[in-house]
Amino acid sequence: MQALREVLIWLKRELEDIDPDSAYLETELLISYVLNKDRSFIYTVDFIEEEKIKEIKKLLDLRKKGIPINYILKKKFFYDYEFFTDTGVLIPRNETELLLDVVIDTIKSYSFEKIVDIGVGSGNLAVTLAKKVDKLTIYACDISPNALKIAKINAQKHGVIDRIKFFLGPYLYPITMRNLQFDLIISNPPYIASWEMPFLQKEVKREPWEALYGGWNGCVFYEDIFKELKKMDKGIFIFEISPFIYNDLVKLINKTFSKIEFYVYKDLSQKNRVIKLIW
Ligand code: GLN
């Protein structure tokens with residue numbers, strides 16, 4: 001037995017060496033994970049068993065090796081729900097909640113019923129949408145079988161598996177080849193440019209490369225999908241971007257489409273983060 005307070009102080013110091021900004025939060029998360037209790041509960045505990053301390057040390061070793069905390073805890077809270085996360089899917093990011101806000105507003109104002117999510121990953125967008133908007137059907141596509149497996153686990157966990165159809169394949173192809181009709185396309189695609197890749201945090205490098213890497217200029221996904229969209233008479237596409245590629249993307253959009261409605265949304269740090277195209 002050891003005083004929990006001492007373990008908290010020790011663990012926080014260890015985690016500070018890895019990332020000072022998240023050390024406090026990660027200390028609480030790891031301890032509550034090992035105790036299998038809510039974060040708020042840990043301050044009501046005085047002592048912690050040796051067995052549990054051993055477990056904490058094991059998890060700390062994984063963190064020191066650069067494994068992201070959300071792969072260790074196997075969960076990440078996104079929007080209003082907790083998602084199972086594991087190697088093989090992108091960990092949902094807080095910035096992506098903006099994309100969801102814009103999508104929900106759009107769906108409600110047009111009364112849309114069928115949505116395509118390109119690159120479903122953990123299912124954070126598809127599952128949250130199914131939870132938040134009644135009568136919605138979501139076609140969820142991904143090029144990674146592993147991601148589809150995890151997205152299905154999350155759809156099951158949140159009771160919306162019957163409202164989401166899963167497809168393996170790139171871009172819109174799984175949908176268009178089956179002649180499925182839809183009202184709206186959404187995506188948080190890979191958009192990290194080549195030059196950014198070496199600067200990514202050690203933890204981010206543990207996430208699937210194909211969920212992050214957007215080609216030499218970060219715009220390759222957009223270039224390809226815009227070509228497909230141009231062939232459709234009309235549609236709406238809402239997607240996340242990296243603020244770094246905003247200017248290049250605006251040029252690309254102007255070059256690709258002769259007539260288009262264009263809206264840009266800023267995230268909490270006032271960076272261009274989401275674009276809505278209507279053509
Ligand atoms: N849709 C998932 C997310 O927003 C995964 C995106 C991806 O794999 N690029 O986090």
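The values are calculated or read from the model by the stated rules, or taken from the named source; none is laboratory data. Note that the structure is a prediction, hence the values are computed from the model and not measured. Cβ placement follows ideal geometry from the backbone for every residue including glycine, while neighbour counts extend to all protein chains displayed.
If only one of Lys75, Lys65, Lys12, Lys54 is over 30 Å from Pro145 (Cβ atoms) and either in contact with a Gly (Cβ under 8 Å, 6 or more places away or on another chain) or free of Cβ contacts under 8 Å to residues at least 12 places away in the same chain (or both), which one is it?
Lys54
Pick from Ala147, Ala151, Ala140: which is near the ligand (Cβ under 10 Å from one of its atoms), closer than 23 Å to Ile278 by Cα, in contact with a Gly (Cβ under 9 Å, 6 or more places away or on another chain) and aliphatic (A, V, I, L, M)?
Ala140
Which is over 19 Å from the mean Cα position of the chain (by Cα) and either within 15 Å of the ligand (Cβ to nearest atom) or of a type outside the set (Val, Ile, Thr) (or both), of Phe166, Phe182?
Phe182
Counting just the residues of region 55-90 that are within 14 Å of the ligand (Cβ to nearest atom) and over 16 Å from Leu29 (Cα atoms), which one comes out surrounded by the fewest Cβ atoms within 10 Å (Cβ to Cβ)?
Filtering first and then ranking leaves Thr87.
Checking the structure you have, find out if any residue of region 96-114 is within 10 Å of the ligand (Cβ to nearest atom), in contact (Cβ under 8 Å) with a residue 60 or more places away in the chain and charged (D, E, K, R).
For region 96-114, residues within 10 Å of the ligand (Cβ to nearest atom), in contact (Cβ under 8 Å) with a residue 60 or more places away in the chain and charged (D, E, K, R): absent.
With Asn272, Asn254, Asn179, Asn217 as the choices, which residue is of a type outside the set (Gly, Ala, Ser) and at positive phi?
Asn179
Report yes if Tyr191 is within 14 Å of the ligand (Cβ to nearest atom) and in contact with a Phe, Trp or Tyr (Cβ under 8 Å, 6 or more places away or on another chain), otherwise no.
yes
When only residues in region 91-104 that are within 20 Å of Val133 (Cα to Cα) and of a type in the set (Val, Ile, Thr) count, which is surrounded by the fewest Cβ atoms within 10 Å (Cβ to Cβ)?
Looking at the filtered set, the residue picked out is Ile104.
Exactly one of (1) away from the ligand (no atom under 15 Å from the Cβ); (2) modelled with pLDDT of 95 or more is unmet by Gln201. Its number?
If we test Gln201 against (1) away from the ligand (no atom under 15 Å from the Cβ); (2) modelled with pLDDT of 95 or more, just (2) comes out false.
Could you say whether any residue in region 250-264 is within 16 Å of the ligand (Cβ to nearest atom) and surrounded by 15 or more Cβ atoms within 10 Å (Cβ to Cβ)?
Keep residues of region 250-264 that are within 16 Å of the ligand (Cβ to nearest atom), which gives none.
No, region 250-264 has no match at all.
Does Ala193 satisfy being of a type in the set (A, V, I, L, M) and within 19 Å of Ile91 (Cβ to Cβ)?
Against the criterion (of a type in the set (A, V, I, L, M) and within 19 Å of Ile91 (Cβ to Cβ)), Ala193 does not qualify.
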